[in-house]
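S.K.: Provided herewith is a single structure, encoded as structure tokens, for subsequent inquiry.
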Amino acid sequence: MAKEEMDDKELKSQEEQIREEEKFAQEQTTEDFNEDQETAAKKEEETEEMEEELSEVEKLQLEVAEAKDKYIRLYSEFDNFRRRNAKERLELVKTASEDVIGDLLPVLDDFERAEKAFKEKADAEALMEGFSLIKNKFEKVLTNKGLTAMDSKPGIEFDSEIHEAITKIPVEDKKLSGKVVDVVEKGYFLNEKVIRYAKVVIGE
């Protein structure tokens, strides 16, 4: 009888141990399942983040490609503009004096006619009148183009901005010291810009 009771106790103990092992195994399985789910979720999140990063990189690459294309187009347009502008400027330089020369041709014609008349007759008064007319016509053409003669009459103050002193001479009148006493070559402005300095003699 005692032996049977011991067998029952051992059986119950074994059953309890089995149940505990089953319970432990079930808990382990649940934990493993939960861990697997967490791992899968993390992997999914990481995958989504990588896809987002790739998407951002692709977007940036597309923006860079568009910016590069715009830069190349702009550079090409600017290069074409620069070449066209250089060509136009070269042509402008070549033809800049065309209208001036055209206006001076009639004056040249007058000089040729005067030269022919001088050979045919030696009337000094008539020749003088003819050359005066030509000179006035020539001056009018230059004035219309913006040419103005400088005021460099003897007695005015020397101005280094418009005068070029070629020499100094002693003067009796001390008021002329440091002033213009003679003009060797007239100076000119073209639209208020000095194109030739007046060559003058200064008193000392």
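S.K.: Convert each backbone phi in the range 147-162 into a coupling constant with the Karplus relation 6.51 cos²θ - 1.76 cosθ + 1.60 (shift: θ = phi - 60°), then list the ³J(HN,Hα) values in order as whole Hz, x for Gly and Pro.
M.R.: For the range 147-162, the Karplus curve yields 7, 9, 7, 6, 7, 10, 5, x, x, 7, 5, 6, 10, 5, 6, 10 Hz.
S.K.: Could you derive backbone 3J(HN,Hα) for the range 73-88 from the dihedral phi with the Karplus parameters 6.51, -1.76 and 1.60 (θ = phi - 60°), listing whole Hz in sequence and x where the residue is Gly or Pro?
M.R.: Whole-Hz 3J(HN,Hα) from phi for the range 73-88: 5, 5, 4, 5, 5, 5, 5, 5, 4, 5, 5, 5, 5, 5, 5, 5.
S.K.: List the residues whose amide H sits under 5 Å from the amide H of VAL200, counting only those 5 or more places along or on another chain, with H placed 1.01 Å from N in the peptide plane.
M.R.: GLU164, ALA165, ILE166, VAL184
S.K.: Set the bar at 22 Å for Cα to Cα. Now go through LYS153/LYS175; LYS179/LYS199; LYS137/LYS186; LYS140/LYS168; LYS116/LYS186 and name every pair that lies beyond it.
M.R.: Numbers: LYS153/LYS175 15 Å; LYS179/LYS199 13 Å; LYS137/LYS186 19 Å; LYS140/LYS168 34 Å; LYS116/LYS186 30 Å.
LYS140/LYS168; LYS116/LYS186, as the Cα separations exceed 22 Å there.
S.K.: When only DSSP loop residues count, what GluC sites (Glu not before Pro) in the range 134-187 have their Cβ near at most 12 other Cβ atoms within 10 Å? Before the final figure, lay out the partial values.
M.R.: Details: sites: GLU139, GLU157, GLU161, GLU164, GLU172, GLU185; in loops: GLU161, GLU172.
Here the sparse-neighbourhood loop sites are GLU161, GLU172.
S.K.: Sticking with this structure for a sec: Could you tell me which trypsin sites (Lys or Arg not before Pro) in the range 103-182 are loop residues by DSSP with no more than 16 other beta carbons within 10 angstrom of their beta carbon? Show your work: numbers first, answer last.
M.R.: Working: sites: ARG113, LYS116, LYS119, LYS121, LYS135, LYS137, LYS140, LYS145, LYS168, LYS174, LYS175, LYS179; in loops: LYS121, LYS145.
Within the range 103-182, the qualifying trypsin sites (Lys or Arg not before Pro) (loop, at most 16 other Cβ atoms within 10 Å) are LYS121, LYS145.
S.K.: Only counting other Cβ atoms within 10 Å, I'd like LEU176, LEU133 sorted with the fewest neighbours first.
M.R.: Working: LEU176 16, LEU133 12.
Fewest-to-most ranking of LEU176, LEU133: LEU133, LEU176.
S.K.: To continue, here is another question. Can you give me the long-range amide H partners of GLY178? Hydrogens built in the peptide plane at 1.01 Å from N, cutoff under 5 Å, separation of 5 or more residues or another chain.
M.R.: The answer is GLY203, GLU204.
S.K.: In the range 146-204, what % of DSSP beta bridges are antiparallel (nearest 5)? Walk me through the numbers on the way to the answer.
M.R.: Working: 11 of 18 bridges.
If I count the DSSP bridges inside the range 146-204, around 60 percent turn out antiparallel.
S.K.: Kindly put LEU62, LEU127 in sequence by how many other C-beta atoms sit within 10 Å of each C-beta, fewest to most.
M.R.: Values: LEU62 10, LEU127 15.
Exposure proxy ranking, most exposed first: LEU62, LEU127.
S.K.: Once phi is turned into θ = phi - 60°, what whole-Hz ³J(HN,Hα) does the Karplus curve with 6.51, -1.76 and 1.60 give for every residue of the range 185-202, x standing for Gly and Pro?
M.R.: Values, residue by residue: 8, 5, x, 9, 9, 10, 6, 6, 9, 5, 10, 7, 6, 7, 8, 10, 10, 10 Hz.
Since every read-out is calculated from the coordinates, none of them should be taken as a lab result. Since this is a predicted model, take the numbers as computed values, not measurements. Please note: Cβ atoms are built from the backbone with ideal geometry, for glycine as well, and neighbour counts cover all protein chains shown.
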